[in-house]
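Written below as structure tokens is the structure these notes are about.
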Amino acid sequence: MELRGNFANVDLDALVDNRVVRTWLYFGMFWLMVTPSVGVLISSTFNYPDYLGSGNLELTFGRLRPVHVNGVIFGAFSTLFIGLCYYLVPRLSGVRVIWSEWSVLLAWVWNVATLAGLVGLLIGDSDGLEAGEFPLYAKVAFFIVVAIATAQFLITISR
């Protein structure tokens, strides 16, 4: 298929930074394997209540369920969505994503914050909200990453 108009003679695949996309998607796939497994683990306690023991607070349903829910939302789905944005935005806009050298670092910050937040939930550091229970230190890191990535995408689209 031959591209016409503003996209004529533009190699859209060359605009995508594959290293950035792969980094985000690999992290997302990692979380997509780990955090649903926590859900499967805690579902066993419905039939076998003493399955995880009774002396460990970190292994109770009330601590593991937020790890599962927030891990799937922030670790798997959000990470994969951001990685997909790093693929789609340059292809749809016909322009490379600006500041792409920051994007791999953003992926690492996002995922370290996810891990820190999940560990924080295990030790009982939560806000008591259903799907936004991460401790403040994880939320601040998420906000910074989302703000920078949003700026990258909006400026790229505006070009």
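THR45 to ASP125: extension gain in nm, 0.36 nm per residue of separation minus the Cα-Cα distance?
This chain segment gains 26.5 nm when fully extended.
The peptide list 74-85, 8-19, put in order of mean Cβ contacts within 10 Å with the highest first, becomes 74-85, 8-19.
Quick check on the chain: helices-only [θ] at 222 nm, where DSSP H runs of length 4 and up contribute -39,500 (n - 2.57) each and the sum goes over total residues. Nearest 500, please.
One gets -22000 deg cm²/dmol as the mean residue ellipticity at 222 nm.
Dividing the Cα radius of gyration of the chain by 2.2 N^0.38 Å, with N the residue count, gives 1.27.
For the chain, the dipole from Cβ point charges (+1 on Lys and Arg, -1 on Asp and Glu) about the Cα centre works out to 360 debye, to the nearest 20. Using a probe radius of 1.4 angstrom, the carbon and sulfur fraction of the accessible surface of segment 48-159 is 70%. The slack in the chain from VAL104 to ARG159, taken as 0.36 nm per residue of separation less the alpha-carbon distance, amounts to 17.6 nm.
Placing unit charges on the Cβ atoms of the charged side chains and taking the dipole of the chain about its Cα centre, the candidate lying farthest along the positive direction among GLY75, TRP24, PRO49 is TRP24. Short-range pairs are left out: with C-alpha atoms under 8 Å and at least six residues apart, the relative contact order of the chain is 29 percent.
Solvent exposure of segment 1-140, expressed per residue, is 58 Å² of accessible area, with all protein chains present and a 1.4 angstrom probe. Other residues lying with their Cβ under 15 Å from the Cβ of VAL97 contribute a combined charge of +2, Lys and Arg counting +1, Asp and Glu -1.
The values are calculated or read from the model by the stated rules, or taken from the named source; none is laboratory data. None of the values given here were measured: they were computed from a predicted structure. Cβ: placed from backbone, ideal geometry, glycine included. Neighbour counts: every protein chain shown. Just the protein is used for accessible areas: all its heavy atoms, side chains included, with ligands, DNA and RNA removed. Shrake-Rupley method; radii C 1.70, N 1.55, O 1.52, S 1.80 Å.
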